[in-house]
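All remarks here apply to the structure that follows.
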Amino acid sequence: MIRPIVTSPIALRMPSVDAGPEDAAVGQDLLDTLAAHADSCVGMAANMIGQRKRIIVVSDGGRALLMYNPRIIERANPYRAEEGCLSLPGTRGAERWRRIRVSYLDDAFRPVTRSFTGDTAQIIQHEVDHCDGVLI
């Protein structure tokens with residue numbers, strides 16, 4: 001189901017709680033909502049659709065990658081980026097890392113640890129910030 005986008009900074013600043021298999025429908029709604037906004041958005045966190053669950057979806061080389069309970073466990077090579085957000089007007093600066101390692105549960109709730117670089121790494125960092133209640 002395509003959900004409306006939350007734009008309230010107060011709501012977006014509330015940290016998310018871990019997700020479980022009972023939250024699979026939220027993951028699907030996130031995938032559907034990202035697909036509906038694919039022309040202007042490359043990633044989303046569940047709080048952007050009104051769900052305080054630690055779930056993100058990112059565009060990874062043209063396909064949507066769903067992550068439950070993502071945690072960045074390693075970071076390397078910091079840089080400054082300019083980012084926009086579907087939930088907030090305009091763009092803002094943010095510190096990001098060129099290479100990250102993330103542990104998460106995949107769409108079947110199996111544990112995964114994977115490294116990311118480039119745009120995908122930046123998108124994941126932005127969405128993990130959302131899970132933590134951090135806005136750019």
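Rank the residues L66, L34 as a footprinting-exposure proxy: fewest other Cβ atoms within 10 Å of their Cβ go first.
L66, L34
Just the ratio, please: alpha-carbon radius of gyration of region 9-131 over 2.2 N^0.38 Å, N its number of residues.
Compared with the compact-globule rule of thumb, region 9-131 sits at 0.98.
Modelling each spin label as a point 7 Å along the Cα-to-Cβ direction, I'd like the N77/D107 distance in nm, to one decimal.
Once both label points are built, they end up 2.9 nm from each other.
What ranking of R52, R98 emerges when the number of other C-beta atoms within 10 Å of each C-beta is taken as an exposure proxy, fewest first?
The most exposed by this proxy come first: R98, R52.
Do you know the relative contact order of the chain, to the nearest whole percent, from alpha carbon pairs under 8 angstrom that are 6+ apart?
Result for the chain is 27 percent.
Which ordering of E22, E95 is given by a fewest-first count of other beta-carbon atoms within 10 Å?
The fewest-first ordering by Cβ neighbours comes to E22, E95.
Once both labels are modelled 7 Å past Cα along the beta-carbon direction, what's the T91-A11 spacing in nm?
2.7
For n ≥ 4 DSSP H runs only, could you compute -39500 (n - 2.57) per run for the chain, divide by its residues and tell me the 222 nm figure to the nearest 500?
-7000 deg cm²/dmol
Around T33, under 14 Å between beta carbons, what's the net of Lys plus Arg minus Asp minus Glu among the other residues?
So the environment of T33 carries a net charge of -2.
Values in this text are rule-based calculations from the coordinates and carry no lab data. Because the structure is predicted, anything quoted here is derived from the model rather than measured. Note that each Cβ is placed from the backbone with ideal geometry, even for glycine, and that neighbours are counted across all protein chains shown.
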